[in-house]
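Just so you know, all these numbers are worked out from the coordinates, no wet-lab data involved. Note that the coordinates shown come from a computational prediction; the quantities given were computed from them, not determined experimentally. Every residue, glycine among them, receives a Cβ derived from its backbone with ideal geometry; neighbour counts consider all protein chains shown.
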Amino acid sequence: MSGRDYHSVRLPMYDWPEVRVATERLENALQIALVNALGLQPSDFVPWPEDRGLEVNWLRPGLLLSQTCGYPLTHALKGQVRLIGVPSYAADGCEGRNYCSHLVVARDSNHATLADLRGKRAIYNGPDSQSGMNAFRYEVAKIASGAPFFSSVRESGGHLASLRAVADGEADIASVDAVCWALACQELPDLVSKLRSIGRTASVPGLPLVTSLAFQETDAETIARAVKSVFEDASLAEDRSRLLICGFSTLLDADYAPVLEMERFAAAHGYPKLA
């Protein structure tokens with residue numbers, strides 16, 4: 001790739017307005033570290049294209065570093081991006097490289113377990129979400145007996161929108177990424193005061209950091225070392241804490257096999273679609 005072909009580092013998955021400043025500082029630090037580690041020039045970069053969908057940007061050959069979700073990594077992005085690793089998060093439901101989802105209902109509801117939600121209204125962030133759809137489907141498949149479980153299922157477009165829908169009484173349950181739930185507890189206490197978690201889904205590796213296949217495996221190792229150094233930089237400790245980041249692990253594509261196993265389990269139990 002030649003000059004001005006690279007996209008700036010972008011971490012879009014937990015980039016809420018409430019934590020934008022901390023996210024931007026981390027993105028900038030990663031950008032500087034990668035420019036230095038790979039021998040690039042600042043002039044080689046163009047801003048992250050905000051006017052295109054995430055999947056389109058993840059597939060661009062100029063992708064330097066971004067964060068995606070385990071479900072796209074094993075489906076639409078399979079064989080299309082190079083895995084770097086995964087951040088660890090200090091959040092309820094996260095352990096090391098793994099995370100889960102919280103099953104969230106209204107605080108004043110009488111629902112105590114997922115089984116209590118049979119015939120109720122579900123909401124999820126999107127069909128390509130591990131935490132909002134695949135993990136949710138997996139848990140419901142265990143008790144659905146191969147039949148539709150909810151009276152309705154609606155797509156919200158994002159975890160925060162799902163939480164607000166449950167809080168406002170527009171839906172009865174949502175499956176929400178443990179990091180998003182922890183961020184909501186930290187940043188949006190008024191919203192969370194109307195909600196509660198009644199359980200967790202099974203855990204899988206968290207949201208991966210990826211780069212373009214235009215970078216070779218040796219480049220990916222260099223990128224991983226640079227990312228690790230930023231995630232250990234004492235000057236960024238406050239920003240990482242605000243974002244709940246507490247570590248970094250390198251992974252292989254095969255480590256995301258549990259994502260596919262969840263999908264296969266649901267299909268084998270007659271519940272291929274969240275319904």
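For the pair Ala147 and Ala161 in one chain, pulling the backbone fully straight at 0.36 nm per residue adds 2.4 nm over the alpha carbon distance. Taking Leu34, Leu252, Leu59 as the candidate residues, the one with maximal mean-square fluctuation in a Gaussian network model of the chain, Cα springs under 10 Å, is Leu252. Spacing of the modelled spin labels on Ala202 and His269, each 7 Å from Cα toward Cβ, amounts to 0.8 nm. In region 213-255, the convex hull through the Cα atoms has an average projected area of 3.8 nm², a quarter of its surface area. Helix 20-38 against the longest principal axis of the chain: what's the angle in degrees, Cα atoms only, rounded to the nearest 10? The angle comes out near 40 degrees. The angle between the Cα long axis of helix 178-187 and the longest principal axis of the Cα atoms of the chain comes to about 90 degrees, rounded to the nearest 10.
Under 26 Å of direct C-alpha separation, and excluding same-chain neighbours fewer than eight residues apart, Lys120 reaches these lysines: Lys142, Lys194, Lys273.
How would you rank Ser151, Ser101, Ser212, going from fewest to most other Cβ atoms within 10 Å of each one's own Cβ?
Numbers: Ser151 13, Ser101 33, Ser212 23.
Final ranking by Cβ density, sparse to dense: Ser151, Ser212, Ser101.
What percent antiparallel are the DSSP beta bridges of the chain, to the nearest 5? Can you show the working numbers first?
Working: 22 of 32 bridges.
Among the beta bridges of the chain, antiparallel pairing accounts for roughly 70 percent.
Each residue in Ile123, Ile245 was given a count of other beta-carbon atoms within 10 angstrom of its own, and listing them fewest first yields Ile245, Ile123.
Counting only GluC sites (Glu not before Pro) that DSSP places in a loop and that have at most 12 other Cβ atoms within 10 Å, the longest clean stretch of the chain runs over 51-231. Between Val35, Val230, Val105, the residue with the greatest mean-square fluctuation in the GNM of the chain (Cα pairs under 10 Å linked by springs) is Val35. Structural size metrics of the chain, computed from C-alpha coordinates, are Rg and Dmax of 19.0, 60 Å.
Rounded to whole numbers, the Karplus 3J(HN,Hα) couplings from phi for region 44-58 are 6, 10, 10, x, 4, x, 6, 8, 10, x, 4, 4, 4, 5, 4 Hz, using 6.51 cos²θ - 1.76 cosθ + 1.60 with θ = phi - 60°, and x at Gly and Pro. Each label was represented as a point 7 Å from its Cα along the Cα-to-Cβ direction; for Thr113 and Asp92 these points are 2.0 nm apart. With a simple spin-label model that places each label point 7 Å from the Cα along the Cα-to-Cβ direction, the separation between Leu59 and Ala37 comes to 2.7 nm.
When all alpha carbon pairs of region 142-191 are counted in 5 Å bins from zero, the resulting P(r) reads 5, 18, 25, 22, 13, 11, 4, 1 %.
Our note on the geometry: Cα centres of region 236-275 and region 26-72, 21 Å apart.
Taking Asp108, Asp15, Asp219 as the candidate residues, the one with maximal mean-square fluctuation in a Gaussian network model of the chain, Cα springs under 10 Å, is Asp108. Placing one equal scatterer on every Cα of region 10-78 and applying the Debye formula, the log10 ratio I(q)/I(0) at q = 0.13, 0.16, 0.18 Å⁻¹ is -0.42, -0.64, -0.80.
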